[in-house]
1. Residue 102: β-branched (Val, Ile, Thr), surrounded by 18 or more Cβ atoms within 10 Å (Cβ to Cβ), out of contact with any Leu (no Cβ under 7 Å at 6 or more places or on another chain) and not in a helix (DSSP H, G or I), yes or no?
2. Take the range 117-140 and flag every residue that is part of a loop (DSSP other than H, G, I, E, B) and within 23 Å of residue 59 (Cβ to Cβ).
3. It is to be established whether one or more residues within the range 56-63 are touching a strand residue (DSSP E or B) at 6+ places or on another chain (Cβ under 9 Å), within 17 Å of residue 111 (Cβ to Cβ), of a type in the set (Val, Ile, Thr) and in a helix (DSSP H, G or I).
4. Working carefully through the options 157, 114, find the one that is at pLDDT below 95, part of a helix (DSSP H, G or I) and not hydrophobic (A, V, I, L, M, F, W, C).
5. Please go through the range 73-99 and give me each residue that is basic (Lys, Arg) and either crowded, with 17+ Cβ neighbours inside 10 Å or more than 16 Å from residue 131 (Cβ to Cβ) (or both), ordered by number.
6. Give the number of residues within the range 1-41 that are part of a loop (DSSP other than H, G, I, E, B), modelled with pLDDT of 95 or more and touching a strand residue (DSSP E or B) at 6+ places or on another chain (Cβ under 6 Å).
7. Given the structure, is residue 66 in contact (Cβ under 8 Å) with a residue 12 or more places away in the chain, surrounded by fewer than 20 Cβ atoms within 10 Å (Cβ to Cβ), of a type outside the set (A, V, I, L, M) and at positive phi?
8. Within the range 74-93, can one find any residue that is acidic (Asp, Glu), within 15 Å of the chain's Cα centre (by Cα), under 14 Å from residue 163 (Cα atoms) and modelled with pLDDT of 95 or more?
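The values are calculated or read from the model by the stated rules, or taken from the named source; none is laboratory data. Just so you know, these numbers come straight off a predicted model, no measurement behind them. Positions of Cβ are generated from backbone atoms using ideal geometry, with glycine treated the same way; all protein chains shown enter the neighbour counts.
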Amino acid sequence: MLKTEKWFIRKAEKSDLPGVLHVYACARKFMAETGNGTQWGDTYPPSALLEEDIEKGRLYVTEEDGDIHGAFVFFIGEEPAYARIERGAWLSDGTYGVIHRVAGDGCLHGILRGILAFCEEKTSHLRIDTHENNKVMRHLLEKNGFRFCGIIYVEDGTQRIAYEHL
């Protein structure tokens, strides 16, 4: 668990699902307003996927005063979508941590930095991807030391911009 002055990160529990769904709804709205309405559309991630992530122990939330303000997936291991990369290459073939589905409700500032610090406590080798139109996330990743590595394709066949941090 990572604790800042006001908020902390912990593993999500089944009882957190309504708060997590609210966070993702806020994030989808923000993404659409900032030119990235297609990455998650109106329904991603579905509650069944989030429930699966909770069961696998890889969904985390940011919490302040009992309220959930952020959510993300983190695990250490192979991400099948990262096996093939085009127009570039990964920086290292070593074991890495994967960060997916980073979302916030807009109420906490510095949430991504906190998430990255939390993940870096587990491993300094991190990979993440985002949609080409997600200019906000791309800027924040680069600002936080992630390097563009190339293009990967997610399960539905759409491409994502791949980043890595060592």
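1. Numbers: β-branched (Val, Ile, Thr): yes; surrounded by 18 or more Cβ atoms within 10 Å (Cβ to Cβ): yes; out of contact with any Leu (no Cβ under 7 Å at 6 or more places or on another chain): no; not in a helix (DSSP H, G or I): yes.
No.
2. Going residue by residue through the range 117-140, those that are part of a loop (DSSP other than H, G, I, E, B) are 123-125, 131-134.
The answer is 123, 124, 125, 131, 134.
3. Filtering the range 56-63 down to residues touching a strand residue (DSSP E or B) at 6+ places or on another chain (Cβ under 9 Å) leaves 56-63.
Next, only the ones that are within 17 Å of residue 111 (Cβ to Cβ) stay: 59-63.
Checking the rest, the ones that are also of a type in the set (Val, Ile, Thr) come to 61-62.
Then keep just the ones that are in a helix (DSSP H, G or I); that gives none.
Within the range 56-63, none of the residues are touching a strand residue (DSSP E or B) at 6+ places or on another chain (Cβ under 9 Å), within 17 Å of residue 111 (Cβ to Cβ), of a type in the set (Val, Ile, Thr) and in a helix (DSSP H, G or I).
4. On the way: 157 fails: part of a helix (DSSP H, G or I).
Checking each option against the conditions leaves just 114.
5. The first filter runs over the range 73-99 and keeps only residues basic (Lys, Arg), leaving 84, 87.
The answer is 84, and nothing else.
6. 1
7. Numbers: in contact (Cβ under 8 Å) with a residue 12 or more places away in the chain: no; surrounded by fewer than 20 Cβ atoms within 10 Å (Cβ to Cβ): yes; of a type outside the set (A, V, I, L, M): yes; at positive phi: yes.
Taking the combined requirement at face value, the residue does not satisfy it.
8. If we filter the range 74-93 for residues that are acidic (Asp, Glu), which is where we start, we get 78-79, 86, 93.
Checking the rest, the ones that are also within 15 Å of the chain's Cα centre (by Cα) come to 79.
Subset that is under 14 Å from residue 163 (Cα atoms): 79.
Now drop any that are not modelled with pLDDT of 95 or more, which leaves 79.
The answer is yes; a qualifying residue exists.
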